[in-house]
Structures are given as C-alpha cells and as structure tokens.
Amino acid sequence: MSDSFYMQLAIDEAWRYQGLTYPNPAVGAVIVEEGKLLSIAAHQKAGTSHAEVLALIAAYEAKSGQKVGFDPKDAQLSHDFLLKLPPNFFAHCTIYVTLEPCSHQGKTPSCASLISKLQLQKTVIATRDPIKGHDGGIELLENVTFGVLHEKAEMLLEPFKIWQKRAFVLYKLAQTSNGRIGGGYLSSKASLRHVHQLREVCDTLLIGGNTVREDRPTLDCRFSGGRAPDVRIYSHKKEFDREIPLFKVEGRGVEITDDLSFLERPSFVMVEGGEGMLRALKKQIDWLLIYQTPKLSTNALSYNIEMNLDFLHTGSADVDMMIWSREIGY
C-alpha cells in the first residue's frame, strides 16, 4: 500500500475526534511493519496521550500479543513503558502522523523525542505544527517523508489554527434525509452523545432567544457525563422564564446578550439554534456539523436560507451520518 493510503487512514481516524481534543488539534497516527498494519489511533482528549503514543502502544500490543497493564491515555506511563522496550522493537516500523510530532514537553512529553529514541525505520508526516515553540519535531527525526496528503491534513487542522486567533464557531444542526430540519431528528444515542461531548469541551454554547423560549431546553451533557457548558443566549429581549431548565443547571454560567464581540477572543464556540441564529451568525460561522438521520419527513420545518456548502468530511454515529462542512467561498 502507498504512503497516501496509510496517511488517509490516520486522517480519517483523527476526524472521529475533531473538536473533542480542544484546545489541542485533532491528530491521527498509523503504524505499519513491513506492509502489515499494526495500529490506527488518534489523540482523544487534551492532557492525554498524543496520537503517536497511542498508536505505538497499540502496535506493541499487536506485535507482542500482550495488553499493557495501564491506561494508554496516561502519557507519562506510556512514554516510560515504550522507552524500556528493547532498542530494536520498532526497527522495521513506519509511523504515519497527520501533524508534525511535538518537540516540546508540556502536559505530555515530547513525541518527536520519543520516536527518535525508539529508532523507527521511517516517519511520514502530512503537515507542520503551526505553533512556534511546538514545531521543530521534524528536525529531531531521521528518515522523514514530509507532505503526504498535506492539503487534507491542513483542513483537519483548520479549527486549531482559527482558535489560536479568535473564536472557532461551529454551528450544529440535525436534519432528515429529505432535508427537514427541526423536531428533534437525532435518531441515535451515538449522535446525542457526540453532541454532548462537544458541549463538554466548548468554551461557550451559543443559542438564540426564540429557541430558549419555545423549546425550553436543558443543554446539559447528561449523555457524556461531563460538565454542562456555559451558555450565552443571543437575544435583544432580556426577559426569560427562569424556570426554563437551562437556568437550573448547577455550576454553569448563563449570560443574555446581543453583543457578539466575544467571538473576537480565542475560544471554541458551539451554536445550537434555528433559522434566526443561522442568519444572524452567517458571516461568523466557520463550519457546520450536520447530523443527517435516515428518515423521511413531511414536517414543514425547514430553513428558508440558501447556503452552498463544501463537504469537508463525512462520518457516522450509529445510523446517523455526520457531515462536517463549511460555506463555499467563506
């Protein structure tokens, strides 16, 4: 198989965790030994093992037939374990990584240093780390192939690059297969859990005043078990029934505002709302995440708004399709 084939596997795996790794980028890794695929992994959550480390641990388990006796997401334990392996354990392996392995030591040790010490046969990298001080990993490595599926890796990295400078704004919506929107169309628990995982990591959940008044939502993270996000209600009218469940969630902040200047600050903002919010934020929205459920509906609810979308990646959450997209020309 070609380098592009294996890098595509790494990119596809990274998309499964897009947004969930905030404030870190989504990164995937694949390890191959003499034409045999040993592992596919991706960074899953900030502060835990990076994609390269998870892939190396999984490759160890595949080669040895033994499971490690610790959580592979514990970065320090994983690094320590890998560095104690025989020097030639990965000597015939190639690692494919969507992003240049990190050269610095932060919440987790340096992946570039680890790969160098393990003396893998080759490292294939799709794109450079855009953050000064984090880059330079390539210079620590030998036998590097750079630029494989570079453009696809750059697209994967776009949210990370945006939230370094200002808010990355993700608009979430759900629809049926024939394009009907509204009425709670998320079919699978997997979709609901994914939405709640994104809520859990975002800085702000932005929602329109009409949606709050009409739907009376809770907007918590009960399907993922995490902390409910702080909510900003975008509304010119400041009066709301305080018995609406979202006001009752313990430990969360709720702000009612008609000022969007907070979007100028580096952050991750997720938007849930109707047509009014889509119109109001059309110029601020970076990406849309569409959950499309395999249903046909005669429900009249639909957005009377025209947007030409570029589909960036499609995945699935049980029976639902997940479509990451952005408006063409934005």
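The values are calculated or read from the model by the stated rules, or taken from the named source; none is laboratory data. Predicted model only: the values in this text are computed from it and were never measured. With ideal geometry, Cβ positions are generated from the backbone for all residues, glycine too; neighbour counts draw on all protein chains shown. With ligands, DNA and RNA removed, areas are computed over all heavy atoms of the protein, side chains included. Shrake-Rupley method; radii C 1.70, N 1.55, O 1.52, S 1.80 Å.
Spatially close Lys pairs in region 21-143, defined by Cα atoms under 16 Å apart and a spacing of eight or more places or different chains, total 8. For region 143-174, list residues with backbone N below 15 Å from a point placed 7 Å from the Cα of Ile305 toward its Cβ? Answer for region 143-174: 169-174.
Could you list log10 I(q)/I(0) for region 66-175 at q = 0.11, 0.17, 0.18 Å⁻¹, which the Debye formula gives when each Cα is one point scatterer? Treating every Cα as an identical point scatterer, log10 I(q)/I(0) equals -0.44, -0.92, -1.00.
Between helix 150-162 and the chain there is an angle of about 50 degrees, using the helix long axis and the longest principal axis of the Cα atoms.
Each Cα pair under 8 Å and six or more residues apart adds its sequence gap; the mean of these over the residue count of the chain is a relative contact order of 15 percent.
Treating r as the C-beta distance of Lys248 and Ser116 and R0 as 51 Å, the FRET efficiency rounds to 0.45. Each listed q (0.13, 0.15, 0.17, 0.27 Å⁻¹) maps to a log10 I(q)/I(0) for region 240-312, found by the Debye formula over equal Cα scatterers with no solvent: -0.61, -0.80, -0.99, -1.42. Average accessible surface for the chain: 47 Å² per residue, computed with a 1.4 Å probe over protein heavy atoms with every protein chain in place. Here Glu239 and Thr314 are evaluated by their C-beta separation; at R0 = 51 Å the FRET efficiency comes out at 0.80. Taking a ≥ b ≥ c as the square roots of the eigenvalues of the Cα gyration tensor, region 201-285 is classed as oblate, since a/c reaches at least 1.5 and a/b does not exceed b/c. Take the Kirkwood radius over Cα pairs of the chain, plug it into Stokes-Einstein at 4 °C and 1.567 mPa s, and you get 61 µm²/s for translational diffusion. Of the candidates Gln284, Gln105, Gln119, which one comes out as most mobile in a Gaussian network treatment of the chain with C-alpha springs shorter than 10 Å? Judging by the Gaussian network model, the answer is Gln105. Treating r as the C-beta distance of Leu260 and Asn178 and R0 as 30 Å, the FRET efficiency rounds to 0.40. On full extension, the segment bounded by Ala91 and Asn143 gains 17.5 nm, given 0.36 nm per residue less the C-alpha separation. Label reach from Phe70 (point 7 Å along Cα→C-beta): in region 89-121, amide nitrogens under 14 Å belong to 108-109.
Extension gain for the segment Phe5 to His150, taken as residue separation times 0.36 nm less the Cα-Cα distance, is 50.9 nm to one decimal.
Label-to-label distance for Glu61 and Arg222 is 3.2 nm, based on points extended 7 Å past Cα in the beta-carbon direction.
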